[in-house]
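The values are calculated or read from the model by the stated rules, or taken from the named source; none is laboratory data. This one's a predicted model, so the numbers in the text were calculated from it and none came from an experiment. Using ideal geometry, Cβ is built from the backbone for each residue, glycine included, and neighbour counts are taken over all protein chains shown.
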Amino acid sequence: METLTGPVMFLPIDNIDTDRIIPARFLITTKIKGLGRHFFNDWTHGSNASENAKILVAGHNFGCGSSREHAVWALADYGIEAVVSTKFADIFHANALRNRLVPVVIQPEDHERLVAALEADPASIVTIDYGALRLTCGSIDLPFTAAISEIGTEESETPGGEELEILLGQSRLIDDHEAARKARVNTLGGR
Amino acid sequence: MSQAGKTLFDTIWNDHRVNDAPAPDGGPDTLYIDLHLIHEVTSPQAFSILRDRGMKLRHPNQTMATMDHSTPSTPPRPDGTYVIENPDAEIQLTALESNCSEFGVPLYPLGHENQGIVHVTAPELGLVQPGMTIVCGDSHTSTHGAFGALAFGIGTSQVAHVFATQCLLAKRPKTFEIRIDGALQPGVSAKDVILSVISQIGTEAGTGHVFEYTGSAIRAMSMEERMTVTNMSIEGGATAGLIQPDEVTFDYLQGRDFAPQGPDFDEAVADWRSRFQPADGVYDRCVSFNADEMEPMITYGTNPGMGMPVRDTVPDPADLENKSDRLSFQRALDYMRVEPGKPLLGHPVDVVFVGSCTNSRLSDLRDAAGLMDGRKVNDGVRMLVVPGSRKVKAAAELEGLDQIFLRAGAEWREPGCSMCLAMNGDKIEPGQLSVSTSNRNFEGRQGKRGRTVLASPLTAAACAVTGVITDVREMM
Ligand code: SF4
């Protein structure tokens, strides 16, 4: 993961929630793949998404609402690799990292400049340099933060697979913790 | 353990941290999970992860499954089976059944006496107890914080982590005290309190934080009212919201199916009392509110922070400083077809929905029925009343609440999420305006191009009777 460059999907709307990203009626699935075709299904205002956009530039506070990881799966399945906003809702942020979708956080005043540039020319090319932590678009060159270190290094077929390995590696600690607290845990067993 | 310098959150977090010392550099701790709640929508892919890796579920008996999101709210056939119109929903429900039997998870399926919205069912069974950690692949897991349990929503890959290890990796959030003192005026309910708070702090204020609700107004609330408040913590951006457990909590738990029984219960209460005394810790942030000044609330926009007292006028986007804020705000008003500077009172209503994990408990139904008694649903309004669980439904029927609703011309339906997220076929039509006791007024949440106004059960019932947005205080 070094740089990502190309035209963007430009949706400068604040508070885009996970219901907007994928409406609930498409959650009637038992699979991970294939959600991309429902992505922003009910978007009434038409986005000027370029067919092969890998970067989504959104308004403030992206991904609020439902915890559905399906929202991340839909974005990823559609081909989006990074989302640019000023703030991400907690659960979306964590879900995104687990699926190698990068939440790119920029400052509000930088966001305003980027939005203005994209409004002037929605076909502008945006480059995200993960090494230098800089985002460029024409003459604009701005810093960003992204929790890149939390993104796994291995391409894992299982979302969150690396975290699962870490947890499985702690099984002794978990056994000890459980043994110490057993008396207090109430279970559904036996009733 | 001494409580000095700790908040309720600190006590619970430290008690469940598996790693001895806090993770360095703000990294994630390993957090032990006492209770895992699951439903049909966010679990199938997690079961697949276990199956693909040939793993077992570590503690099936600390897991509870029910069916709520895609279940029909229409009555069963005479033979007790249900009509599920969407074949994909049927696949999802069947998948939950076979997954639960394969992995040994207790399931309350459609028609079972314990079935219902997961956040209504788990507390009423006594499964939710002070000091626990509780997760669910559902953002309204925050509801359970009303009992002084640390409860939050997780993504589906984390559902798999908890299945496999009964733990998850989590970064320690900050704490945010929401203090509400004073007394609520007649016609103002717990839903108005939380809508009022969110309208003032905004939908992102709680990001990275856990709320703790304190103050005399919270202490005066019943458990059901407290659940309405903590339920919407996520609408304020916080993944969890806590309330200090007290006598109200203990009284609620006594005698419930999964609560400790007899002498065990007394012992548990003594333990809870000693471990969860009022905190003397410091919160990272605090905001205070005065309950005396709160009024019945409605939302006018497309996120739960866009709310106002029912008699107010819709704010003007021109007053916003930032251009992108102005555009987003205007776009929301356009979608809702409301005008800045004008009141919403008197605005026509097409549908009224009383239900959801925010407001579908017995006290909510009593509120709505109390107002509907002897009145009629206005011509041209469709009113759906969907109890949160089969137990709530039975209790309401025992009191005759169903008859009050039916006499008024409302629909009395089977328990589940129903029109809160319009996944089971219950939905509003494009352009229709619904007054809903649920928690999200996002675009299309209750049906494609549908418009949602969030309100309390009292306000919703008043709007059903008059057919327009109404100040319930005028009808009391
Ligand atoms: S009632 Fe609504 S908010 Fe609550 S769990 Fe169901 S869909 Fe989610």
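Quick one: in the range B:409-432, of everything that is surrounded by fewer than 24 Cβ atoms within 10 Å (Cβ to Cβ) and more than 12 Å from every other protein chain (Cβ to nearest Cβ), which residue is farthest from the ligand (Cβ to nearest atom)? Result: B:409. Whether any residue in the range B:173-191 is surrounded by 24 or more Cβ atoms within 10 Å (Cβ to Cβ) and part of a helix (DSSP H, G or I) is what I want to check. Yes.
Here is a yes/no grid of residues against (1) assigned to a helix (DSSP H, G or I); (2) without any contact (Cβ under 8 Å) to a residue 60 or more places away in the chain; (3) in contact with a Ser or Thr (Cβ under 6 Å, 6 or more places away or on another chain); (4) under 16 Å from residue B:350 (Cβ atoms):
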{"site": "B:403", "(1), (2), (3), (4)": "yes, yes, no, no"}
{"site": "B:407", "(1), (2), (3), (4)": "yes, yes, no, no"}
{"site": "B:416", "(1), (2), (3), (4)": "no, no, yes, no"}
{"site": "B:423", "(1), (2), (3), (4)": "no, no, yes, no"}
{"site": "B:439", "(1), (2), (3), (4)": "no, no, yes, no"}
{"site": "B:444", "(1), (2), (3), (4)": "no, yes, no, yes"}
{"site": "B:448", "(1), (2), (3), (4)": "no, yes, no, yes"}
{"site": "B:473", "(1), (2), (3), (4)": "yes, no, no, no"}
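Taken together, B:157, B:73 contain a single residue that is in contact with a Gly (Cβ under 8 Å, 6 or more places away or on another chain) and assigned to a loop (DSSP other than H, G, I, E, B), which is B:73. The residues in the range A:63-81 that are surrounded by 24 or more Cβ atoms within 10 Å (Cβ to Cβ) and not in a helix (DSSP H, G or I) can be counted, and the count is 7. Could you tell me whether any residue of the range B:132-140 is of a type outside the set (Val, Ile, Thr), within 9 Å of chain A (Cβ to nearest Cβ), without any contact (Cβ under 8 Å) to a residue 60 or more places away in the chain and away from the ligand (no atom under 14 Å from the Cβ)? No, because not a single residue in the range B:132-140 is of a type outside the set (Val, Ile, Thr), within 9 Å of chain A (Cβ to nearest Cβ), without any contact (Cβ under 8 Å) to a residue 60 or more places away in the chain and away from the ligand (no atom under 14 Å from the Cβ). Being within 16 Å of the ligand (Cβ to nearest atom), more than 14 Å from chain A (Cβ to nearest Cβ), part of a helix (DSSP H, G or I) and in contact (Cβ under 8 Å) with a residue 12 or more places away in the chain, is that true of even one residue in the range B:393-400? Yes: the range B:393-400 contains one or more residues that are within 16 Å of the ligand (Cβ to nearest atom), more than 14 Å from chain A (Cβ to nearest Cβ), part of a helix (DSSP H, G or I) and in contact (Cβ under 8 Å) with a residue 12 or more places away in the chain.
A quick yes/no check of all residues on (1) more than 14 Å from chain A (Cβ to nearest Cβ); (2) over 20 Å from residue B:227 (Cα atoms):
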{"position": "B:293", "(1), (2)": "yes, yes"}
{"position": "B:316", "(1), (2)": "yes, yes"}
{"position": "B:327", "(1), (2)": "no, yes"}
{"position": "B:333", "(1), (2)": "no, yes"}
{"position": "B:354", "(1), (2)": "yes, no"}
{"position": "B:374", "(1), (2)": "yes, yes"}
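Among the residues of the range B:433-449, none is identified as away from chain A (no Cβ under 13 Å) and out of contact with any strand residue (DSSP E or B) (no Cβ under 8 Å at 6 or more places or on another chain). Residues in the range B:282-295 that are in a loop (DSSP other than H, G, I, E, B) and in contact with a strand residue (DSSP E or B) (Cβ under 7 Å, 6 or more places away or on another chain): 3 in all. The strands (runs of 3 or more DSSP E) falling completely within the range B:297-365 that include 3 or more residues that are within 25 Å of the chain's Cα centre (by Cα), away from the ligand (no atom under 16 Å from the Cβ) and outside the structural domain of residue B:142 (by TED's automatic domain parsing) map to B:307-309. Taken over the range B:188-215, the criterion of being over 26 Å from residue B:473 (Cα atoms) and in contact with a Pro (Cβ under 8 Å, 6 or more places away or on another chain) is satisfied by B:203, B:208, B:209, B:210. In the range B:319-337 there is at least one residue that is over 30 Å from residue B:215 (Cβ atoms), loosely packed, with under 15 Cβ neighbours inside 10 Å and in contact (Cβ under 8 Å) with a residue 40 or more places away in the chain. The residue list B:46, B:21, B:65 contains one member that is more than 30 Å from residue B:354 (Cβ to Cβ) and in contact (Cβ under 8 Å) with a residue 12 or more places away in the chain, which is B:46.
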